Amino acid sequence: MPLMATDFKLSCVLFDLDGTLVDTAPDLILCLNKALSSYGFATAAADAIKPFISFGAAAMINKSLNRSISEELKSDILETMLDLYQNNIAERTVFFEGMSDTLDSIEAQGLKWGVVTNKLERFTHPLMDALELTDRASCIISGDTTANPKPHIEPMLAACKQAAVRPQECVYIGDASHDITAGKNARMKTLAALYGYLKSGDTPAAWGADALIESPEQLAAWINSALCH
């Protein structure tokens, strides 16, 4: 693990949501397959779809279809999937193993934490409520909270304003290249979550993150290292 810069003062840990803070894949893929089935399409294998969750429901649908269909039909499938998901937001979603303890540790050390996701507010807020995280988070920024989603700098700065911290005092952890780009553009430390929803061709080592994190426990160790400098 790289040595921490001695002038870095950690005040806030920011998380991507899907594939980083919580494992939403079971609910998302179940709703996707219910929507596909309702329109007469074959269901998709979870392992094939999971890497596309970070790119949104439309990307999941595109990956699932084995033939070209009209944009109108694709839009209908998307609307059905999202309605199903909104009504089943946290039936099977869980923390990644060790993440609950890591959040407890972050709070015990007096650090703030929050979420910056490209998930829309209509899903983010009910999910955070269902997981009893809303009151614990210092900031919750969704894909439509600001005019531009990640990798734009705008949601990152909005998170800092909401949490009342400086970007230079934050670390952002995510499982997609656009997460790392967004954090770096905001002058935050960045961590790539290797346990998340990575595609087979992804090369996280080339994203420019400050460290590669293989588990929530390793994230906790990175935070402890940062606080010791």
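Simple spin-label model, 7 Å along Cα-to-Cβ: N224 to K34 in nm?
Going from the N224 label point to the K34 one covers 4.1 nm.
Under a straight-distance cross-link criterion of Cα-Cα below 15 Å, which aspartates and glutamates are reachable from K189, leaving out those fewer than 8 residues away in the same chain?
D7, D16, E169, D175, D179, D210
Modelling each spin label as a point 7 Å along the Cα-to-Cβ direction, I'd like the E217/R122 distance in nm, to one decimal.
Label-label distance for E217 and R122, simple model: 4.1 nm.
Round to the nearest 0.05 the FRET efficiency obtained for K161 and K63 when R0 = 35 Å and r is the Cβ-Cβ distance.
Taking R0 as 35 Å, the efficiency between K161 and K63 is 0.50.
For n ≥ 4 DSSP H runs only, could you compute -39500 (n - 2.57) per run for the chain, divide by its residues and tell me the 222 nm figure to the nearest 500?
-12000 deg cm²/dmol
If you count, for each residue, the other Cβ atoms within 10 Å and average over each peptide, how do 93-99, 40-46 line up from highest to lowest?
Per-residue Cβ counts within 10 Å, averaged per peptide and sorted highest first, yield 93-99, 40-46.
For region 25-87, just the Cα set please: Rg and Dmax, both in angstrom.
10.3, 28
Sum up the charges of everything whose Cβ sits under 12 Å from the Cβ of I77, counting Lys and Arg as +1 and Asp and Glu as -1, but leave I77 out.
Here the count lands on -3.
Can you give me the pair-distance distribution of the chain, C-alpha pairs, 5 Å bins, whole percents?
P(r) for the chain, in whole percents per bin: 1, 7, 15, 19, 20, 16, 10, 6, 3, 2, 1, 0.
Under 4 °C and 1.567 mPa s, how fast does region 83-158 diffuse according to Stokes-Einstein, given a Kirkwood radius computed over C-alpha pairs? Answer in µm²/s, whole number. Spell out each step's value before the answer.
Working: Rh = 13.5 Å.
The estimated diffusion coefficient comes to 96 µm²/s.
Please give the net charge around L10, taking every other residue with its beta carbon less than 13 angstrom from that of L10, where Lys and Arg add +1 and Asp and Glu add -1.
Local charge sum for L10: +1.
If you rank E71, E107 by fewest surrounding Cβ atoms within 10 Å, what's the result?
Exposure proxy ranking, most exposed first: E71, E107.
Full extension from A46 to D104: what is 0.36 nm times the residue separation minus their Cα-Cα distance, to one decimal in nm?
Once the chain is fully extended between A46 and D104, it gains 17.9 nm.
Checking a compactness column here: for region 13-128, what do you get for Rg(Cα) / (2.2 N^0.38 Å), N being the number of residues?
On the way: Rg = 15.7 Å, N = 116, 2.2 N^0.38 = 13.4 Å.
Cα Rg divided by the expected 2.2 N^0.38 Å: 1.17.
Dipole magnitude of the chain about its Cα centre, charges +1 at Lys/Arg Cβ and -1 at Asp/Glu Cβ only, in debye to the nearest 20?
In debye, rounded to 20, the chain gives about 560.
For region 25-87, what relative contact order do you get, as a whole percent, if you take Cα pairs closer than 8 Å and at least 6 residues apart?
With pairs under 8 Å counted, the relative contact order is 42 percent.
Of all DSSP beta bridges located in the chain, what percent are antiparallel, nearest 5? Mind showing how you got there, number by number?
Working: 2 of 21 bridges.
About 10 percent, rounded to the nearest 5.
The numbers here are math on the coordinates, done by the rules we state, and not lab data. Model, not experiment: these values are computed from the prediction. For neighbour counting, all protein chains shown are included, and Cβ atoms are generated from backbone atoms with ideal geometry for every residue, glycine included.
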